[in-house]
Amino acid sequence: MLEVRNLEVVYDDVMLVLRGVSLTVPPGSIVALLGANGAGKTTLLRAVSGLLGVHDGEVVKGSVLLEGEPVHHLRPAQIVRRGVSQVMEGRRILGELTVEENLRAGGHTARVSHLDRVYDLFPLLRERRAATAGYLSGGEQQMLAIGRALMAGPRCLLLDEPSLGLAPALVAQVRDLVAEINRQGTTVLLVEQNARMALSIATHGYVMETGRIVMDRPAGELLADDDIKEFYLGTV
Ligand code: ATP
């Protein structure tokens with residue numbers, strides 16, 4: 001579905017943030033991208049979404065292929081139209097607008113049928129469709145951010161730390177929803193610091209350190225790996 005080949009990203013003309021990253025997200029899979037703060041995970045997602053290379057000092061090399069076709073030269077809106085939507089870290093909902101207005105702002109490709117699908121996935125958003133989004137709880141806002149990305153009907157969803165700042169029960173809820181979205185046919189690239197959560201639903205995992213992929217294994221193997229346990233799962 002999605003293939004990143006030898007991606008290099010430089011910020012401010014000198015700072016090499018991605019140092020030749022390659023990864024593959026097979027159709028129908030959930031692929032987890034793990035790594036500490038600053039490893040370059042968000043940068044990778046932004047490169048896939050076409051959000052890099054527009055500011056001074058940003059240099060992007062390498063390629064991003066969607067179903068075998070290069071998309072790295074396309075603008076963000078064109079990439080959304082090709083079927084890739086990103087849920088940004090920190091939710092970025094429009095706090096002054098209602099839940100439904102936020103969903104309808106999910107791009108001009110948004111359709112009524114997609115609204116129904118989102119409300120079916122998140123009954124709570126249907127209940128609260130007229131509520132001001134800024135007053136939703138953190139977990140509800142995360143659901144809304146995911147729902148908004150789904151409004152474009154993506155075949156591939158890029159999620160940037162959906163569990164960030166959520167209480168454990170809500171992390172489990174987000175995990176189950178991501179698994180359900182995937183089960184309904186959407187391929188997922190999941191960036192997470194919560195490695196246990198991500199690997200519990202992923203088919204495959206990549207670990208990034210300072211701009212490089214240092215591990216690339218089936219999710220089950222990563223969950224059982226002692227180094228991963230020590231550094232990312234908080235147990236030895
Ligand atoms: P986090 O989980 O904290 O978001 P990350 O793995 O997603 O971490 P990135 O956000 O991709 O990492 O950042 C990688 C490096 O690039 C960091 O050192 C960060 O400070 C730097 N960086 C990120 N965005 C920019 C920017 N727009 N200009 C300059 N440097 C940046």
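The values are calculated or read from the model by the stated rules, or taken from the named source; none is laboratory data. None of these values were measured; they are calculated from a predicted model. Positions of Cβ are generated from backbone atoms using ideal geometry, with glycine treated the same way; all protein chains shown enter the neighbour counts. Areas reflect the complete protein model, heavy atoms only, side chains present, ligands, DNA and RNA absent. Shrake-Rupley method; radii C 1.70, N 1.55, O 1.52, S 1.80 Å.
If both residues of a DSSP beta bridge must be in the chain, then about 55% of such bridges are antiparallel.
Under a model in which nothing but the beta-carbon of Lys, Arg (+1) and Asp, Glu (-1) is charged, segment 174-236 shows a dipole of about 200 debye around its Cα centre.
Potential lengthening of the chain between residue 169 and residue 81 amounts to 28.3 nm, from the contour at 0.36 nm per residue minus the alpha-carbon distance. Here the convex hull built on the C-alpha positions of the chain has a volume of 116 cubic angstrom per residue.
GNM on the chain, alpha-carbon springs under 10 angstrom: the most fluctuating residue among 205, 106, 57 is 57. Stretched out straight at 0.36 nm per residue, the stretch from residue 16 to residue 135 would grow longer than its current Cα-Cα span by 38.9 nm. Ligands, DNA and RNA excluded, the heavy atoms of residue 148 present near 50 Å² of accessible surface to a 1.4 Å solvent probe.
Accessible surface area normalised per residue over segment 1-65 is 42 Å², counting heavy atoms of protein chains with a 1.4 Å rolling probe. Report the residues of segment 35-54 in range of a label on residue 221: point 7 Å along Cα→C-beta, backbone N strictly under 19 Å from it. Under cut-off, by backbone N: 35. In this structure, the amide hydrogen of residue 86, modeled 1.01 Å from its nitrogen in the peptide plane, lies closer than 5 angstrom to those of 158, counting only residues at least 5 positions away or on a different chain. Of the residues 135, 119, ranked by 1.4 Å probe accessible area with the largest first, the sequence reads 135, 119.
Segment residue 229..residue 212, full-extension length gain: 4.2 nm, with 0.36 nm per residue of separation and the alpha-carbon distance subtracted. Given R₀ = 22 Å, FRET efficiency for residue 127-residue 96 by Cβ-Cβ distance, to 0.05? Given R0 = 22 Å and the Cβ-Cβ separation, E is 0.65. Protection proxy ranking, highest mean first, for peptides 29-37, 173-181, 154-162: 154-162, 29-37, 173-181, where packing is the per-residue count of other beta-carbon atoms within 10 Å, averaged. Residue ranges 17-26, 43-52, 67-76 sort as 43-52, 17-26, 67-76 when ordered by packing (mean number of other C-beta atoms within 10 Å per residue, highest first). Semi-axes of the equivalent ellipsoid for segment 82-185, computed as √(5λ) from the eigenvalues of its C-alpha gyration tensor and ordered from largest down, come to 18, 17, 13 Å. Considering only 88, 15, 151, the Gaussian network model of the chain with Cα springs below 10 Å gives its largest mean-square fluctuation to 15. Surface composition of segment 1-92: carbon and sulfur atoms hold 48% of the protein heavy-atom accessible area at a 1.4 Å probe. Each 10 Å bin, from zero up to the one with the longest distance, holds this percent of the alpha carbon pairs of segment 151-199: 26, 57, 17. To put it simply, the accessible area of segment 175-236 at a 1.4 Å probe is 47 percent carbon and sulfur.
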